[in-house]
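Here the structure comes first, spelled out in structure tokens, and everything after it is commentary.
The values are calculated or read from the model by the stated rules, or taken from the named source; none is laboratory data. Being a predicted model, the structure only gives us computed values, none of them experimental. For neighbour counting, all protein chains shown are included, and Cβ atoms are generated from backbone atoms with ideal geometry for every residue, glycine included.
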Amino acid sequence: MTEHVLVVHRWPDGRARYERFLEHLRVDVSYVCTAPAVPTVPETAAGVEVVRRTDDLAELADAAGRLSRRIGAPDRILALAAGDRQAAAELRVLLGCPGQHPPEVARHAPGPSGPRLDGLWDGSRLLAARLSRPVGGLTGPGLAGTGVTATVELDDADPAVAAPVLAAALDRPATVHLALRESGPGRYAVESLTPWLPDDELPVAWLRVHGVDLLAAEAALQLGEPLPPVPAGGFGEVAGWLAVRPPRLPCVVEQAGYRPVAEPADTVELPVPGTRLTGTPLSGFPPVRLGFRGGSTAAVERAVRQAAADLVLRCRPG
């Protein structure tokens, strides 16, 4: 009998290209997803069920039941979005699937916003890791009243600060996110540990700049497969990103523009004028996203600040 993997999918921007880590022609891959995410479901999916919320156990269970009657009971459940982890863990228990169960998910919570360390832990050592911090004090005519998320990686911080905490807390492989606090110039202490990735631009930046696919690694862990190899020498550059939300949702985009004066962004994603942005928590990531890469933290931070000054986002209620 063909293996059945059920994917819980909420992301409408295509960042999780499931064909990279699931052979849809060898395995029956079904999807339980939100309506905005339907266009990003692969055409080779064995089945699709649409729900209002992918973090609601009752909705997931009903959809999984319909898929099970058509395809068979799922052997594995994959949920990459941090917001879907709890419901997916409860669904695994309900359906008797292996993988992360509620006790492994419920006891962890994301730490405060500030310096952070993200990486890939194999159960005894860090295979890849990078520290980063928020970029504050951004100004620009296009940022008035918006919600801004900006981050830059640190080129002078040692990830070894995380090793003792990880060794004491995790004896299994995991993608990890650690909230940090500065304990001195260039020194950091661990505030909290979460054994999965937050829902932000970090996995996209790592794949683009460092060639490390953290989503593929997380998928392997949930599917009970070996971790994919980490490319050698992938951390020669520094990554950064700028993400912007409109001040009020829902709204309709009237203008979205970015005309760099200097040090242009490496990647630019802007909504098309006329696009309606909803206010639902499952509607995806900020509509304006710019990615950066460079040879140093200072260079990337300078580019992020310049981009904030060059950005224009104007919306009307709608």
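Structure values in brief
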read-out: Candidate set from segment 246-272 (those that are surrounded by fewer than 18 Cβ atoms within 10 Å (Cβ to Cβ) and touching a Ser or Thr at 6+ places or on another chain (Cβ under 6 Å)); member that is modelled with the highest pLDDT; value: 250
read-out: Candidate set from segment 30-82 (those that are small (Gly, Ala, Ser) and part of a strand (DSSP E or B)); member that is nearest to residue 6 (Cα to Cα); value: 30
read-out: Scan of segment 2-50 for residues that are without any contact (Cβ under 8 Å) to a residue 12 or more places away in the chain and closer than 18 Å to residue 213 by Cβ, ordered by number; value: 17, 23
read-out: Criterion (of a type in the set (A, V, I, L, M, F, W, C), under 29 Å from residue 269 (Cβ atoms) and crowded, with 18+ Cβ neighbours inside 10 Å) met by exactly one of 162, 216; value: 216
read-out: Extreme residue, surrounded by the fewest Cβ atoms within 10 Å (Cβ to Cβ), among residues of segment 133-159 that are free of Cβ contacts under 8 Å to residues at least 60 places away in the same chain and under 18 Å from residue 234 (Cβ atoms); value: 158
read-out: Every residue from segment 51-81 that is without any contact (Cβ under 8 Å) to a residue 60 or more places away in the chain and acidic (Asp, Glu); value: 56, 59, 62
read-out: Complete set of residues in segment 42-85 that are closer than 22 Å to residue 197 by Cα and not small (Gly, Ala, Ser); value: 53, 54, 55, 56, 57, 60, 76, 77, 78, 80, 84, 85
read-out: Odd one out for residue 120, checked against (1) in the same structural domain as residue 207 (by TED's automatic domain parsing); (2) modelled with pLDDT under 95; value: (2)
read-out: Looking only at segment 277-310, and only at residues there that are in a strand (DSSP E or B) and modelled with pLDDT of 90 or more, the one that is surrounded by the most Cβ atoms within 10 Å (Cβ to Cβ); value: 292
read-out: Any hit, segment 56-71, residues being within 22 Å of the chain's Cα centre (by Cα), crowded, with 17+ Cβ neighbours inside 10 Å and within 15 Å of residue 29 (Cα to Cα); value: no
read-out: Residue satisfying all of: in segment 167-192; closer than 17 Å to residue 157 by Cβ and hydrophobic (A, V, I, L, M, F, W, C); surrounded by the most Cβ atoms within 10 Å (Cβ to Cβ) among these; value: 178
